[in-house]
1. From the residues in the stretch 19-50 that are in a strand (DSSP E or B) and among the small types (Gly, Ala, Ser), which one is farthest from PHE87 (Cα to Cα)?
2. Filter the stretch 198-232 down to residues that are closer than 15 Å to VAL175 by Cβ and of a type in the set (A, V, I, L, M) and give me whichever is surrounded by the most Cβ atoms within 10 Å (Cβ to Cβ).
3. Condition first: hydrophobic (A, V, I, L, M, F, W, C), modelled with pLDDT under 95 and outside any loop (DSSP other than H, G, I, E, B). Can you find one or more residues in the stretch 225-232 that meet it?
4. Would you mind stating whether ARG81 is charged (D, E, K, R), under 27 Å from ASP22 (Cβ atoms), in the same structural domain as GLY251 (by TED's automatic domain parsing) and not in a loop (DSSP other than H, G, I, E, B)?
5. Has the stretch 116-136 got any residue that is modelled with pLDDT under 90 and either within 23 Å of ASP22 (Cα to Cα) or surrounded by 18 or more Cβ atoms within 10 Å (Cβ to Cβ) (or both)?
6. If a residue must be at pLDDT below 75 and surrounded by fewer than 17 Cβ atoms within 10 Å (Cβ to Cβ), how many such residues does the stretch 166-192 contain?
7. Could you say which residue among THR76, THR122, THR71 is hydroxyl-bearing (Ser, Thr, Tyr), closer than 21 Å to LYS178 by Cβ and not in a loop (DSSP other than H, G, I, E, B)?
Amino acid sequence: MIFNELKQHGEEDFPFELYRVDALHPKYEMAFHWHTNLELIRVLDGELTLTLDNRTLNLQSGDVAIVNSETVHGATPKDCRYECIVFNLAFLKPGNAKCDAFIDDLLTRNCFLHERPTSKNTAALIHAIFDEIGKDGSPFKVIGLFHSLLGEMQEKSEFISHLPPTSMHDEKKVVKLKTVLKYIRENFDKNVTLEDMSAVAGFSEKYFCKFFKDMTGTTPISYLMAYRIERAARKLLGSDLSVTQIAFDCGFNDLSYFIKTFKAFKNLSPKEYRQN
């Protein structure tokens, strides 16, 4: 499996976390990952290309999307500001048998929320959730809005699918992708080669490059570089380590190459990024 995000989102007694993302955010380019929590995404400005397993959604300003549990997802922004809410769906179980059964079906992937809501009511509820959490609103209101959202989706069955978004053939590909991404995330600070990644997937280098590009829209080496830069950006903002030390800690053996690569991704040098 890939990088499985196990961190606590929000607080234990209120597990809802809002992330505001712009060009200076370390995770502006959303690297592929997955988690057991569900996620809501809305685009404030610009464009966001969201990939879910091997499906692509092109989101514009004002659009919203839903990421189901266990789905490998990543995103490429273009002049974009966007927000994400990651939340623990099990927390919303009210203790009513019918309501709890519906949530259990979502948690066990017996049914799936449609990833691109088209109902105006559904979209309005998602926007209301973002607005309420964004202003540190009442937990009662936040939980009530989530219950209204789930009720809207349960009532209008066109928003619920009992078939997985991916076919069995595609699911096998996703499992392969998870294996490779987990390897990259556990070894990004080492000398990872294309040969290493291909061997983990069990493919020839030529086929692996095609497979990875088909699944993610980028090359394995480009993904590795992007992930190293993301980790470097986090260290620049969250530590007092020198730029040189961060470069070596993130798998770069040459400082000038690190600075050049960082600037290509962030449009700022590491020093400028830390100052901003």
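The values are calculated or read from the model by the stated rules, or taken from the named source; none is laboratory data. Just so it is clear, the structure is predicted and the values come from calculations on it, not from any experiment. We place every Cβ from the backbone using ideal geometry, glycine too, and count neighbours over all the protein chains shown.
1. GLY46
2. Among those residues, the one meeting the criterion is MET215.
3. Yes, because at least one residue in the stretch 225-232 is hydrophobic (A, V, I, L, M, F, W, C), modelled with pLDDT under 95 and outside any loop (DSSP other than H, G, I, E, B).
4. no
5. Yes, some residue in the stretch 116-136 is modelled with pLDDT under 90 and either within 23 Å of ASP22 (Cα to Cα) or surrounded by 18 or more Cβ atoms within 10 Å (Cβ to Cβ) (or both).
6. Looking only at that region, the number is 3.
7. Working: THR122 fails: closer than 21 Å to LYS178 by Cβ; THR71 fails: not in a loop (DSSP other than H, G, I, E, B).
Testing whether each residue is hydroxyl-bearing (Ser, Thr, Tyr), closer than 21 Å to LYS178 by Cβ and not in a loop (DSSP other than H, G, I, E, B) leaves just THR76.
Residue-by-condition table, conditions (1) free of Cβ contacts under 8 Å to residues at least 40 places away in the same chain; (2) in contact with a strand residue (DSSP E or B) (Cβ under 9 Å, 6 or more places away or on another chain); (3) hydrophobic (A, V, I, L, M, F, W, C):
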| position | (1), (2), (3) |
| --- | --- |
| ILE41 | no, yes, yes |
| SER69 | no, yes, no |
| ILE85 | no, yes, yes |
| GLY95 | yes, no, no |
| ARG109 | no, no, no |
| PRO117 | no, yes, no |
| LYS120 | yes, no, no |
| ALA124 | yes, no, yes |
